[in-house]
1. Please pull out the direction-averaged projected area of the range 129-177, using the convex hull of its alpha-carbon atoms, in nm² to one decimal place.
2. Which order do the peptides 18-25, 172-179, 38-45 take when ranked by the mean count of other beta-carbon atoms within 10 Å per residue, highest first?
3. Sorted from largest down, give the three principal axis spans of the alpha carbons of the range 87-188, whole angstrom values.
4. So how long is each side of the range 177-223 along the principal axes, counting just the alpha-carbon atoms, biggest first, in Å?
5. Please get the size of the charge dipole for the chain, origin at its Cα centre, with Cβ charges of +1 on Lys and Arg and -1 on Asp and Glu, quoted in debye to the nearest 20.
6. Cβ neighbours within 10 Å, averaged per peptide: list 155-163, 70-78 in order, most packed at the top.
7. For the range 176-236, which whole-number percentage of the solvent-accessible area (1.4 Å probe, protein heavy atoms only) is attributable to carbon and sulfur atoms?
8. Over 25 Å between Cα atoms: which of 39/83; 4/40; 39/177 fall into that group?
Amino acid sequence: MEKKELLYEGKAKKVFATEDENYVIVSYKDDATAFDGLKKGTILGKGVVNNRMSNYLMQLLEKNGVPTHFVEEIDYRDTLVKKVEIVPLEVIIRNISAGSFAKHYGVEEGIVFDEPTIEFSYKNDDLHDPLLNSYHALALKLATKEEIARIKELAFSVNRILKEYFLSLGVKLVDFKLEFGRLSDGTIVLADEISPDTCRFWDAKTNEKLDKDRFRRDLGGVEDAYREMLHRVFGE
Ligand code: TMP
Ligand code: ASP
């Protein structure tokens, strides 16, 4: 299928129509932002890493029973996906304390939890993605009770599958953000991306950060970290 008109341009991706209204093409950019778009930059090659890694992981998840939007990788930057209506919730799972969790609760990074945590934020940059619970999400009619239950179930499945997978590559899956979408028949599927932009990856031996925190926190070696994650997944 071919790219038709641009439907939407986000901070890291563009979405194009195709000749079939049930499918869109996602095109990954090298643009990087943080802090609700306040910090801007470019991470050379990021679009390729994120597209390829996300596609690989979506296929791994499909094999393990998690429905996703993935259809077909067109090239290193572009992917055909099922068109969904995005549920405006960012679903965050954490296995180890880091980032806003460490900040909010006044704890150091690196505490390994006995059980993973889940939290939601309202996907709305103008409001700075405020944290909310399932009752708030229901009150705001962001999703139904059944959808929220399904999203929680799928998010924990994704964690079980990916945690084990990344450990086999010598990487700790610290935390990550997922987005879900509705197909035209209402089925909930995993959408958006799973990449160093949306996950925290720490080297299992050294705890070196191999993700977008290198950009957010000006740690240097940003491109190298993305390249290293591509290398771990594809061996190139
Ligand atoms: P946090 O600790 O800043 O709340 O981030 C938790 C996880 O969510 C982390 O893996 C990075 C990811 N994330 C996004 O994908 N998009 C965002 O806008 C933010 C703030 C975090
Ligand atoms: N991409 C997000 C933004 O610019 C933030 C982040 O990933 O830290 O809002």
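The values are calculated or read from the model by the stated rules, or taken from the named source; none is laboratory data. Since we're looking at a predicted model, the values are computed, not measured. For neighbour counting, all protein chains shown are included, and Cβ atoms are generated from backbone atoms with ideal geometry for every residue, glycine included. Surface accessibility is based on the protein's heavy atoms, side chains included, excluding ligands, DNA and RNA. Shrake-Rupley method; radii C 1.70, N 1.55, O 1.52, S 1.80 Å.
1. Over all viewing directions, the range 129-177 projects a mean Cα-hull area of 3.9 nm².
2. 172-179, 18-25, 38-45
3. So the extents along the principal axes, rounded to whole Å, are 39, 30, 22.
4. If we take the Cα atoms of the range 177-223, the spans are 45, 22, 14 Å.
5. Charge dipole, the chain, about its Cα centre: 360 debye, nearest 20.
6. The densest-packed peptide leads the list: 155-163, 70-78.
7. The nonpolar share, carbon plus sulfur, comes to 46 percent.
8. 39/83; 4/40
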